[in-house]
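Enquirer: Please read through the structure below; I'll follow up with questions.
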Amino acid sequence: MTARIVQSYLSSVISISLVLLLVGLVSVLAVNARAVSDYFKENIRVTAVLEDGADELTASKLMATLKSRPYVSDMEYISKEQGTEEMKAMLGENFMSVFDVNPVPVSIEIFLKAGYFHADSLKMIERELEADPQIEDLVYQESLVGIINSNMEKIGMVFVILTCMLMFISFVLINNTVRLNVYSKRFTVHTMRMVGATKAFIRAPFLYKAILQGLIAGLLAVIYMVLLMYLLRNEFTQIFDVFDTERILAVFAGTVLLGMVLCLVSTYFVVNRMVDMSKNKLYI
């Protein structure tokens, strides 16, 4: 009998931990969605093509001026030689054969801060940069910016809906798991009630075990998440680099707390129903 009870308890803990794992993983992605969005935005290049005849000194002075602009995150100088090599990689080694002189201009790759990736902000930045006489042209993927902004909003909504759904499903599953676990002790509850035990006295040991069960399940879920993230880190290094460690730790703590609260609440209501159950229903 003891072995069966231990097996039932472990089965309940593992079931609850797997449910919490799903909630935890979605929460990790949800709380870091903005960081991932900012990462993609700040890796979109705005290429400032300099006027014909511009050299490295001209570019250096312009970069020193642009560095003070609030919307600039980072910059990279692209020389004629580097630009030529990039064009060869795109168009082939022989693309220069149709030109008498090297047509590739000196340029500066400007990386903007994520907060400025909105249509109105980009237009303002575009006007400001084009007003500089040293900049002949600006090149950036305007359509890509719009796609990222719209998709990130949709992804954010999906995460919110998915998290709410998983929270509801997790409560239902954990409630059923706890109910089955407590229901097996309905005769013990009835005996305690017959000898005059109060509801609080009957509930106490069940609630204590529920908190312990939730704590163990939550810790197991955290261990699963750490192992899974460790295995995936090598495949998605750049994404994991932008994840906020404090937010991930907060999700871990929240997962453990959620397990304890759900088990406690479920057990409270289930035990209350057991205490009020009539003798005839004990055998149903």
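Enquirer: With (1) open to solvent by 30 Å² or more (accessible area, probe 1.4 Å); (2) modelled with pLDDT of 85 or more as the list, and G214 as the residue in question, which single condition is left unmet?
Expert: Answer for G214: the failing condition is (1).
Enquirer: Would you confirm whether any residue within the stretch 130-149 is open to solvent by 50 Å² or more (accessible area, probe 1.4 Å), at pLDDT below 75 and under 21 Å from the mean Cα position of the chain (by Cα)?
Expert: Yes: the stretch 130-149 contains one or more residues that are open to solvent by 50 Å² or more (accessible area, probe 1.4 Å), at pLDDT below 75 and under 21 Å from the mean Cα position of the chain (by Cα).
Enquirer: Could you say whether any residue in the stretch 141-164 is of a type outside the set (G, A, S), within 30 Å of E51 (Cβ to Cβ), free of Cβ contacts under 8 Å to residues at least 40 places away in the same chain and assigned to a helix (DSSP H, G or I)?
Expert: Restricting attention to the stretch 141-164, the residues satisfying the condition of being of a type outside the set (G, A, S) are 141-142, 144-145, 147-149, 151-155, 157-164.
Now restrict to residues that are within 30 Å of E51 (Cβ to Cβ): 141-142, 144-145.
Next cut, free of Cβ contacts under 8 Å to residues at least 40 places away in the same chain only: 142.
Applying the additional criterion that residues be assigned to a helix (DSSP H, G or I) yields 142.
Taking every residue of the stretch 141-164 in turn, at least one turns out to be of a type outside the set (G, A, S), within 30 Å of E51 (Cβ to Cβ), free of Cβ contacts under 8 Å to residues at least 40 places away in the same chain and assigned to a helix (DSSP H, G or I).
Enquirer: Out of the stretch 173-193, which residues are within 12 Å of S15 (Cα to Cα) and without any contact (Cβ under 8 Å) to a residue 40 or more places away in the chain?
Expert: N176
Residue-wise test of (1) among the hydroxyl-bearing types (S, T, Y); (2) under 14 Å from the mean Cα position of the chain (by Cα).
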site	(1), (2)
V195	no, no
K199	no, no
I211	no, no
V222	no, no
M225	no, yes
T245	yes, yes
L264	no, no
T267	yes, no
N272	no, no
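Enquirer: What are the residue pairs meeting all of these: first residue in the stretch 223-242, first residue closer than 13 Å to T255 by Cβ, second residue of a type outside the set (D, E) and part of a helix (DSSP H, G or I), Cβ atoms under 6 Å, and 6 or more apart or on different chains?
Expert: What qualifies is Y224/L21; M225/G24.
Enquirer: Out of V46, V13, V19, which single residue is surrounded by 18 or more Cβ atoms within 10 Å (Cβ to Cβ), among the aliphatic types (A, V, I, L, M) and within 19 Å of the chain's Cα centre (by Cα)? Let's see the steps before the verdict.
Expert: Numbers: V46 fails: within 19 Å of the chain's Cα centre (by Cα); V13 fails: within 19 Å of the chain's Cα centre (by Cα).
Just a single option satisfies the conditions, and that option is V19.
Enquirer: Looking at (1) hydroxyl-bearing (S, T, Y); (2) surrounded by 12 or more Cβ atoms within 10 Å (Cβ to Cβ); (3) without any contact (Cβ under 8 Å) to a residue 12 or more places away in the chain, which one does T198 not meet, given that it meets all the others?
Expert: That leaves (2) as the condition not met.
The values are calculated or read from the model by the stated rules, or taken from the named source; none is laboratory data. Just so it is clear, the structure is predicted and the values come from calculations on it, not from any experiment. FYI the Cβ positions are ideal-geometry reconstructions off the backbone, even for glycines, and counts take in every protein chain you see. Surface accessibility is based on the protein's heavy atoms, side chains included, excluding ligands, DNA and RNA. Shrake-Rupley method; radii C 1.70, N 1.55, O 1.52, S 1.80 Å.
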